Amino acid sequence: MVFSTEMNCYDRLRARGLKLQDVPAPIGNFTHCTREGNLLFLSGQGPLDDSGRLMKGKVGNDVSTDEAYNHAQLVGLNLLSVLHAELGDLGRVTRIVKLLGMVNATPDFADHPRVINGCSDLFIDVFGEAGRHSRSAVGVGSLPGNITVEIEAIVAVRD
(Lines give C-alpha, C1' and ligand atoms only; values in the text may rest on other atoms or scores of the structure.)
Protein backbone atom coordinates (compact mmCIF):
# COMPACT_ATOMS: atom_id res chain seq x y z
CA MET A 1 0.00 0.00 0.00
CA VAL A 2 1.15 3.53 -0.70
CA PHE A 3 0.10 6.20 1.77
CA SER A 4 0.37 9.96 1.82
CA THR A 5 3.28 11.33 3.85
CA GLU A 6 0.78 13.54 5.69
CA MET A 7 -0.91 10.49 7.17
CA ASN A 8 0.07 9.52 10.70
CA CYS A 9 0.33 5.97 12.04
CA TYR A 10 -3.29 5.91 13.14
CA ASP A 11 -4.53 7.19 9.76
CA ARG A 12 -2.54 4.44 8.06
CA LEU A 13 -4.07 1.79 10.30
CA ARG A 14 -7.58 3.13 9.59
CA ALA A 15 -6.84 3.16 5.83
CA ARG A 16 -6.11 -0.58 6.13
CA GLY A 17 -9.38 -1.10 8.04
CA LEU A 18 -7.48 -1.92 11.25
CA LYS A 19 -7.89 -0.67 14.79
CA LEU A 20 -5.82 -1.16 17.90
CA GLN A 21 -7.07 -3.68 20.42
CA ASP A 22 -7.17 -3.87 24.18
CA VAL A 23 -4.03 -5.49 25.54
CA PRO A 24 -4.84 -8.62 27.57
CA ALA A 25 -3.01 -9.49 30.77
CA PRO A 26 0.19 -11.50 30.25
CA ILE A 27 -0.26 -15.29 30.40
CA GLY A 28 2.69 -15.71 32.77
CA ASN A 29 5.01 -13.96 35.19
CA PHE A 30 6.29 -11.26 32.80
CA THR A 31 5.34 -7.89 31.34
CA HIS A 32 4.35 -7.16 27.75
CA CYS A 33 6.96 -4.42 27.51
CA THR A 34 10.21 -3.48 29.23
CA ARG A 35 11.96 -0.19 28.60
CA GLU A 36 15.73 0.28 28.75
CA GLY A 37 16.78 3.76 27.69
CA ASN A 38 15.19 4.53 24.35
CA LEU A 39 14.55 0.86 23.55
CA LEU A 40 11.36 -1.06 24.22
CA PHE A 41 11.55 -4.85 24.37
CA LEU A 42 8.14 -6.32 23.54
CA SER A 43 7.36 -9.83 24.73
CA GLY A 44 6.11 -12.30 22.18
CA GLN A 45 2.51 -11.81 21.18
CA GLY A 46 0.18 -14.28 19.53
CA PRO A 47 -2.54 -13.91 16.90
CA LEU A 48 -5.42 -12.74 19.09
CA ASP A 49 -8.36 -11.35 17.13
CA ASP A 50 -10.67 -8.55 18.29
CA SER A 51 -13.12 -11.08 19.73
CA GLY A 52 -10.39 -12.52 21.98
CA ARG A 53 -9.92 -15.71 19.94
CA LEU A 54 -6.43 -17.06 19.32
CA MET A 55 -5.60 -18.44 15.87
CA LYS A 56 -4.38 -22.00 16.38
CA GLY A 57 -2.95 -24.80 14.31
CA LYS A 58 0.10 -26.13 12.54
CA VAL A 59 1.26 -24.19 9.49
CA GLY A 60 1.86 -26.56 6.60
CA ASN A 61 -0.78 -28.97 7.89
CA ASP A 62 -4.13 -27.41 8.87
CA VAL A 63 -3.15 -23.74 8.33
CA SER A 64 -2.04 -22.40 4.93
CA THR A 65 0.85 -20.02 4.39
CA ASP A 66 -1.60 -17.25 3.40
CA GLU A 67 -3.69 -17.80 6.53
CA ALA A 68 -0.53 -17.72 8.65
CA TYR A 69 0.56 -14.47 6.91
CA ASN A 70 -2.75 -12.95 8.06
CA HIS A 71 -2.15 -14.31 11.56
CA ALA A 72 1.29 -12.63 11.59
CA GLN A 73 -0.36 -9.36 10.57
CA LEU A 74 -2.74 -9.81 13.50
CA VAL A 75 0.26 -10.34 15.79
CA GLY A 76 1.74 -7.11 14.40
CA LEU A 77 -1.48 -5.30 15.27
CA ASN A 78 -1.27 -6.74 18.80
CA LEU A 79 2.34 -5.52 19.09
CA LEU A 80 1.20 -2.05 17.96
CA SER A 81 -1.52 -2.18 20.62
CA VAL A 82 1.13 -2.94 23.27
CA LEU A 83 3.25 -0.04 21.96
CA HIS A 84 0.29 2.33 22.09
CA ALA A 85 -0.58 1.23 25.64
CA GLU A 86 3.02 1.80 26.73
CA LEU A 87 3.68 5.09 24.90
CA GLY A 88 0.26 6.67 24.51
CA ASP A 89 1.24 7.72 20.97
CA LEU A 90 2.69 5.58 18.18
CA GLY A 91 4.22 8.80 16.83
CA ARG A 92 6.96 8.34 19.46
CA VAL A 93 8.30 5.29 17.62
CA THR A 94 11.52 6.21 15.82
CA ARG A 95 12.32 2.75 14.43
CA ILE A 96 11.26 -0.86 14.54
CA VAL A 97 14.70 -2.32 15.27
CA LYS A 98 14.27 -6.11 15.29
CA LEU A 99 11.63 -8.82 15.09
CA LEU A 100 11.85 -12.45 16.05
CA GLY A 101 9.06 -14.42 14.41
CA MET A 102 8.27 -18.00 15.34
CA VAL A 103 6.00 -20.17 13.21
CA ASN A 104 4.33 -23.30 14.60
CA ALA A 105 5.06 -25.41 11.53
CA THR A 106 5.42 -28.93 10.24
CA PRO A 107 9.02 -30.19 9.95
CA ASP A 108 8.98 -29.87 6.16
CA PHE A 109 7.51 -26.34 6.04
CA ALA A 110 10.02 -23.89 4.54
CA ASP A 111 8.16 -20.57 4.04
CA HIS A 112 8.68 -19.05 7.50
CA PRO A 113 9.91 -15.69 6.10
CA ARG A 114 6.78 -15.35 3.96
CA VAL A 115 4.57 -15.91 7.03
CA ILE A 116 6.38 -13.32 9.16
CA ASN A 117 6.13 -10.83 6.29
CA GLY A 118 2.54 -10.33 7.51
CA CYS A 119 3.93 -8.43 10.49
CA SER A 120 6.84 -6.83 8.62
CA ASP A 121 4.60 -5.53 5.84
CA LEU A 122 2.23 -4.01 8.40
CA PHE A 123 5.05 -2.22 10.23
CA ILE A 124 6.45 -0.79 6.99
CA ASP A 125 2.95 0.35 5.95
CA VAL A 126 2.36 2.01 9.33
CA PHE A 127 5.80 3.54 9.98
CA GLY A 128 7.27 3.88 6.47
CA GLU A 129 11.07 3.58 6.42
CA ALA A 130 11.14 3.64 10.24
CA GLY A 131 9.25 0.34 10.06
CA ARG A 132 12.08 -1.43 8.19
CA HIS A 133 13.85 -3.76 10.60
CA SER A 134 16.22 -6.66 11.11
CA ARG A 135 14.43 -9.95 11.53
CA SER A 136 14.64 -13.65 12.17
CA ALA A 137 11.89 -16.04 11.08
CA VAL A 138 12.10 -19.56 12.44
CA GLY A 139 9.98 -22.66 12.58
CA VAL A 140 9.22 -24.32 15.88
CA GLY A 141 7.60 -27.61 16.84
CA SER A 142 4.99 -25.96 19.05
CA LEU A 143 3.93 -22.64 20.55
CA PRO A 144 1.88 -21.88 23.70
CA GLY A 145 -1.77 -22.85 23.29
CA ASN A 146 -0.96 -24.27 19.84
CA ILE A 147 -1.01 -20.75 18.34
CA THR A 148 0.21 -20.45 14.75
CA VAL A 149 2.60 -17.52 15.13
CA GLU A 150 4.41 -15.66 17.91
CA ILE A 151 6.46 -12.50 17.32
CA GLU A 152 8.53 -10.34 19.66
CA ALA A 153 10.02 -6.94 18.87
CA ILE A 154 12.63 -4.39 19.83
CA VAL A 155 11.54 -0.81 19.15
CA ALA A 156 13.40 2.51 19.44
CA VAL A 157 11.37 5.44 20.81
CA ARG A 158 11.74 9.07 21.74
CA ASP A 159 10.54 10.78 24.92
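Remark: residue 84 matches the filter, which requires a residue to be within 14 Å of the chain's Cα centre (by Cα), at pLDDT 95 or above, surrounded by 13 or more Cβ atoms within 10 Å (Cβ to Cβ) and farther than 23 Å from residue 143 by Cβ. Of the residues making up the stretch 24-77, those that are in a strand (DSSP E or B) and under 14 Å from residue 155 (Cα atoms) are 33, 34, 35, 36, 39, 40, 41, 42, 43, 44. When residue 89 is tested against the conditions (1) in contact (Cβ under 8 Å) with a residue 12 or more places away in the chain; (2) surrounded by fewer than 19 Cβ atoms within 10 Å (Cβ to Cβ), the lone failure is (1). Among residues of the stretch 127-159 being more than 15 Å from the chain's Cα centre (by Cα) and part of a loop (DSSP other than H, G, I, E, B), the one that is surrounded by the most Cβ atoms within 10 Å (Cβ to Cβ) is 143. The residue that is modelled with the lowest pLDDT, counting only those in the stretch 35-53 that are surrounded by fewer than 19 Cβ atoms within 10 Å (Cβ to Cβ) and under 14 Å from the mean Cα position of the chain (by Cα), is 49.
Applying the selection to the stretch 117-146, what residues are farther than 18 Å from residue 80 by Cβ and of a type in the set (A, V, I, L, M)? I'd like the intermediate steps shown before the answer.
Of all residues in the stretch 117-146, those farther than 18 Å from residue 80 by Cβ come to 134, 136-146.
Matches in the stretch 117-146: 137, 138, 140, 143.
For the stretch 72-88, check the following and say yes or no: at least one residue is in contact with a helix residue (DSSP H, G or I) (Cβ under 8 Å, 6 or more places away or on another chain), farther than 21 Å from residue 15 by Cα and among the charged types (D, E, K, R). Within the stretch 72-88 (the criterion being in contact with a helix residue (DSSP H, G or I) (Cβ under 8 Å, 6 or more places away or on another chain), farther than 21 Å from residue 15 by Cα and among the charged types (D, E, K, R)), the answer is no, since none of the residues qualifies.
The values are calculated or read from the model by the stated rules, or taken from the named source; none is laboratory data. Just so it is clear, the structure is predicted and the values come from calculations on it, not from any experiment. As a convention, Cβ positions derive from the backbone with ideal geometry for all residues, glycine included, and neighbour counts pool all protein chains shown.
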